[in-house]
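First up is the structure itself, then whatever we jot down about it.
Only the coordinates and a few stated rules stand behind these numbers; no lab work does. What you see is a predicted model; the values in this text were computed from it and never measured. Cβ placement follows ideal geometry from the backbone for every residue including glycine, while neighbour counts extend to all protein chains displayed.
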Amino acid sequence: MPSHWFFLLAAIAVEIVATAALKSVVSAPWLVALLPLALIGLSFALLSIALRVIPLAVAYAVWEGLGIVGIAAAGHLLFGEHLTAGRMLALAAILAGILLLERGVCDEHAVEPRNAGVNGRLA
C-alpha cells in the first residue's frame, strides 16, 4: 500500500478515536476534554499528508465516509448505540458512494478529455 494511503487510514483511525473520546469526556475536567481536540488536529495533519498525492474528492470521501462507518461501529460497541437495519443500509450506501466516487475520479485521471482546447476547455 502506498504511504499516502497509510496516512489517510491513520487519519481515519485517529478521527474515530477522537470522536469516541469526545463522547467519553463530556463530563470530564476541561483539561481532559482537550484530548479529543488534539486528536482531531492530528487527524487533519495526517489527512493533509495524504492530500499531497490522493485527489481531494477521493481523500475527503474516504476520510469522512469510513470515519462515519467507524464511529457508528464504535458507538455500537462502546456505548451500546443501536445499529438498526435502516442505519446499516445507510452505512452501506455511504460505502457504495465512496467506491463510486473513487472509481469516477480514478477514471477521470486516466483519460484525457477529447477535443481539449486551451486550458483544458472543450472546443
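Rundown of residues vs (1) in contact with a His (Cβ under 6 Å, 6 or more places away or on another chain); (2) within 19 Å of Phe79 (Cα to Cα); (3) among the hydroxyl-bearing types (Ser, Thr, Tyr), yes/no style:
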position	(1), (2), (3)
Ser3	no, no, yes
Val14	no, yes, no
Thr19	no, yes, yes
Leu34	no, no, no
Leu42	no, no, no
Ala45	no, no, no
Which condition from (1) among the hydroxyl-bearing types (Ser, Thr, Tyr); (2) surrounded by fewer than 13 Cβ atoms within 10 Å (Cβ to Cβ); (3) part of a helix (DSSP H, G or I) is the one that Ser27 breaks?
(3)
Go through the stretch 46-98 and count every residue that is small (Gly, Ala, Ser) and either in contact with a Cys (Cβ under 6 Å, 6 or more places away or on another chain) or in a loop (DSSP other than H, G, I, E, B) (or both).
1
Being more than 14 Å from the chain's Cα centre (by Cα) and over 24 Å from Leu100 (Cβ atoms), is that true of even one residue in the stretch 42-51?
no
